[in-house]
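**Student:** Just passing along the structure, written as structure tokens.
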Amino acid sequence: MNKFTIIAFFIATSCATRASLEDVLAPLPAIAIASVVEKAVEVSSDNTDSALVRETQLNSPVERVRTGEVPALLENVYPSIPITREDFLNAIEQEVQRRIRPVGEVSLSPLRSLPNLSDYSQPFNVRVSGVPVRLSRSSTMNLNIQVENDEGVVGNWALTFRPHLISAAWFARGHLRKGDVASESDFETRRVDLLVEPDAVNAKLDVLQKHEYSRDLHPGYPLKWSDLNERSLVRKGQVVEVNAYQGMIAISMRAMAQGDGVLGDVVFMRNLDSSKDFSGEVIGEGRVQVTF
């Protein structure tokens with residue numbers, strides 16, 4: 001076997017060995033493959049010419065990572081997530097919401113720039129002190145805030161905010177008439193700041209079911225508590241059912257209401273037969289109770 005035959009055989013064997021290693025170790029991280037290939041280069045460098053060694057080195061995963069051709073996989077296994085100002089503000093708002101539990105969603109407007117926490121990673125916790133008992137439009141909130149993450153305390157700050165209380169409220173779809181029973185279909189919902197519109201009615205169906213309009217309302221008008229009266233279960237001129245009790249005796253009759261009445265009101269009634277007036281307590285829709 002001559003010299004050229006030996007060199008050709010070794011090159012073929014070396015390439016086959018390298019291909020076999022790459023096939024076997026393909027699922028492993030690039031750094032692991034690189035260490036094996038570098039060992040192969042060291043062994044083969046004693047028996048091959050310098051051109052083959054240089055080619056092997058240039059194609060090795062280590063060299064490809066170093067030159068930027070292949071990203072360093074291990075650097076991205078556990079990427080850190082920085083704490084943004086938005087994350088920081090949301091955490092403060094959630095803590096204030098938990099402490100006060102208002103009707104609506106707490107929103108805070110910082111009166112100066114929040115600290116930059118982007119050099120610190122998540123997850124993190126905030127501890128807030130100085131939370132008021134209730135929110136008020138006329139006052140600001142001065143809060144003492146401590147931030148912690150897995151590495152310990154990040155910092156302490158005294159921050160000032162303007163509070164907001166955001167909630168869905170009712171707005172009239174069309175013309176609404178005084179005395180009509182309030183209905184969900186009469187309204188659409190829009191988000192408002194209840195600290196700016198404290199008389200706005202929170203958009204809850206059960207609120208409407210218990211009320212009637214105290215005055216005419218125009219389309220697009222925000223419903224206020226002053227626009228509602230507790231719904232009358234008995235109305236003036238209405239013939240209602242009367243349950244009269246005396247001891248163990250119960251009598252049912254019909255009479256005409258002489259005025260409006262909500263649940264629990266005492267209204268005057270007129271006997272349809274004798275035209276005599278008497279009073280009774282409103283106990284339900286079109287129902288009055290009298291006790292002798």
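**Student:** For residues that are in contact with a strand residue (DSSP E or B) (Cβ under 8 Å, 6 or more places away or on another chain) and acidic (Asp, Glu), scanning just the range 192-217, find the one that is surrounded by the most Cβ atoms within 10 Å (Cβ to Cβ).
**Tutor:** 212
**Student:** Among 135, 143, which is modelled with pLDDT under 95 and surrounded by 18 or more Cβ atoms within 10 Å (Cβ to Cβ)?
**Tutor:** Just one listed residue meets the conditions, 135.
**Student:** Okay, next question. Scan 171, 161 and give me the residue that is assigned by TED's automatic domain parsing to the domain that holds residue 220, within 29 Å of residue 204 (Cβ to Cβ) and in a strand (DSSP E or B).
**Tutor:** Every option except 171 fails the conditions.
**Student:** Same structure again: Cβ-Cβ under 8 Å, sequence separation 6+ or interchain: first residue in the range 245-267 and within 12 Å of residue 279 (Cα to Cα), partner assigned to a loop (DSSP other than H, G, I, E, B) and among the aliphatic types (A, V, I, L, M). Which pairs?
**Tutor:** 255/272; 256/272; 261/233
**Student:** Same structure again: If I ask for residues that are out of contact with any Ser or Thr (no Cβ under 7 Å at 6 or more places or on another chain) and of a type outside the set (Val, Ile, Thr), which ones from the range 144-159 would you list?
**Tutor:** Of everything in the range 144-159, those that are out of contact with any Ser or Thr (no Cβ under 7 Å at 6 or more places or on another chain) and of a type outside the set (Val, Ile, Thr) turn out to be 146, 148, 150, 151, 152, 155, 156, 157, 158, 159.
**Student:** Six or more apart or on different chains, Cβ atoms under 7 Å: show the pairs whose first residue is in the range 148-169 and under 30 Å from residue 225 (Cβ atoms) and whose second is of a type in the set (Ser, Thr, Tyr) and in a strand (DSSP E or B).
**Tutor:** Matching pairs, first to second residue: 161/109; 162/109; 164/107; 164/109; 166/107; 168/189; 169/189.
**Student:** Looking at 138, 113, 118, 107, which is the one that is closer than 14 Å to residue 164 by Cα, assigned to a loop (DSSP other than H, G, I, E, B) and of a type in the set (Gly, Ala, Ser)?
**Tutor:** Selected residue: 138, the only one of 138, 113, 118, 107 that is closer than 14 Å to residue 164 by Cα, assigned to a loop (DSSP other than H, G, I, E, B) and of a type in the set (Gly, Ala, Ser).
**Student:** Same structure, new question: Check the range 239-258 and report whether any residue there is surrounded by 14 or more Cβ atoms within 10 Å (Cβ to Cβ), hydrophobic (A, V, I, L, M, F, W, C) and closer than 21 Å to residue 182 by Cα.
**Tutor:** no
**Student:** Identify the residue in the range 222-250 that is of a type in the set (Gly, Ala, Ser) and part of a strand (DSSP E or B) and, among all such residues, is farthest from residue 173 (Cα to Cα).
**Tutor:** The residue in question is 250.
**Student:** Inside the range 99-120, can you point out the residues that are more than 22 Å from the chain's Cα centre (by Cα) and of a type in the set (S, T, N, Q)?
**Tutor:** Within the range 99-120, 113, 116, 118 meet the criteria.
**Student:** Could you check the range 128-178 and list, in sequence order, the residues that are farther than 22 Å from residue 195 by Cα and of a type in the set (Phe, Trp, Tyr)?
**Tutor:** Within the range 128-178, just 157 meets the criteria.
**Student:** Would you mention how many residues in the range 82-134 are within 25 Å of residue 152 (Cα to Cα), β-branched (Val, Ile, Thr) and touching a residue at least 40 places away in the same chain (Cβ under 8 Å)?
**Tutor:** Selection size over the range 82-134: 3.
**Student:** Go through (1) farther than 27 Å from residue 104 by Cβ; (2) touching a Pro at 6+ places or on another chain (Cβ under 9 Å); (3) not charged (D, E, K, R) for residue 195 and report which single condition fails.
**Tutor:** So the condition that residue 195 fails would be (1).
**Student:** Tell me, which residue of the range 157-191 that is in contact with a helix residue (DSSP H, G or I) (Cβ under 7 Å, 6 or more places away or on another chain) and of a type in the set (Gly, Ala, Ser) is surrounded by the most Cβ atoms within 10 Å (Cβ to Cβ)?
**Tutor:** For the range 157-191, the residue satisfying everything is 182.
The values are calculated or read from the model by the stated rules, or taken from the named source; none is laboratory data. Quantities reported herein were computed from a predicted structural model and do not represent experimental measurements. As a convention, Cβ positions derive from the backbone with ideal geometry for all residues, glycine included, and neighbour counts pool all protein chains shown.
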